[in-house]
1. Quick one: Karplus J couplings for segment 110-120, per residue in order, coefficients 6.51, -1.76, 1.60, θ = phi - 60°, nearest Hz, x for Gly and Pro?
2. Once amide H atoms are built 1.01 Å from N in the peptide plane, which residues 5 or more positions from THR178, or in another chain, come under 5 Å H to H?
3. Tabulate in residue order the Karplus-calculated ³J(HN,Hα) for segment 164-171, using 6.51 cos²θ - 1.76 cosθ + 1.60 with θ = phi - 60°, rounded to whole Hz; enter x for Gly and Pro.
4. In deg cm²/dmol, rounded to 500, what helix-only [θ] at 222 nm does the chain give when every DSSP H run of at least 4 residues adds -39500 (n - 2.57) and the total is split over its residues?
5. So what's the net charge close to ALA156: Lys and Arg +1, Asp and Glu -1, counting the other residues with Cβ under 9 Å from its Cβ?
6. Out of residues 5 or more away from ARG153 or on other chains, whose amide H comes under 5 Å of its own, with H placed 1.01 Å from N in the peptide plane?
7. So for the chain, Kirkwood radius off the Cα pairs, Stokes-Einstein at 37 °C and 0.692 mPa s: how many µm² s⁻¹?
8. How high is the relative contact order of the chain, in percent, with contacts defined as C-alpha pairs under 8 Å that are six or more residues apart?
Amino acid sequence: MTAPALESFIDQAMARSRGHADPADCVLALAPLMLDLIDHAGTFLAPQHYQSSPAGYNRNLVYEAPDRSLSLYALVWLPGQWTPVHDHGSWGVVGVVEGVLEERGYVRLSPERGADTEIDLARGGTVLLPHGAVTSFVPNPDHIHVTGVPAERPRAVSLHLYGRTMSNFNIYDVAARTRRRIEVAHNES
Ligand SMILES: [Fe+2]
């Protein structure tokens, strides 16, 4: 059985994402829902959503729409765990449930947005997202970033809502100036 707060969030997120074709409008409409959802995380996050791994940050599925148009994950970041440099090819809305999640941005300098080679990236700023914070992103131009928790900070847990099942994304090799699509695993609820 789905907790009422999660069920309400999913219903509203579905309606609002369908009602906004432009990803920028979509995340504007969804960010306040995520802000509320964080307050109710204790009502629907179960032990399986807090699974972690010493091998790397862990992605625990909370909800996947039957038509795969929406997905929600609880990500668990142990100290020192980071993503590769990546983008999602989708909009996303992130809310922090526990700890401080850090996001380090990259700016694409090369003009060809869709290219997978000859990509020049410059390091951008960093954002520290404490419990209760919400951030979001849209594709095209790609939101390129590294997310994680430095070794000196405690575990972080965050909720990630995407505009598709997030079973693959683009990772970048900054030195080689390339990017490629990789499949990423998650734990089913
Ligand atoms: Fe990301």
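Just so you know, all these numbers are worked out from the coordinates, no wet-lab data involved. The structure displayed is predicted, hence computed values, not measured ones. In this analysis, Cβ positions are derived from the backbone assuming ideal geometry, glycine residues included, and neighbour counts consider all displayed protein chains.
1. These are the phi-based 3J(HN,Hα) values: 6, x, 6, 4, x, 6, 9, 10, 6, 9, 9 Hz.
2. Amide H to amide H, under 5 Å and 5 or more residues apart or across chains, THR178 pairs with ILE119, ASP173.
3. Result, rounded to whole Hz: 5, 5, 8, 9, 7, 7, 8, 10.
4. Details: 3 runs with 37 residues, N = 189.
That comes out to -6000 deg cm²/dmol.
5. On the way: positive: ARG153, ARG155; negative: GLU98, GLU102.
So the environment of ALA156 carries a net charge of 0.
6. GLY80
7. Numbers: Rh = 16.9 Å.
My calculation gives 194 µm²/s for D.
8. Values: 429 pairs, mean separation 51.5, N = 189.
That works out to 27 percent.
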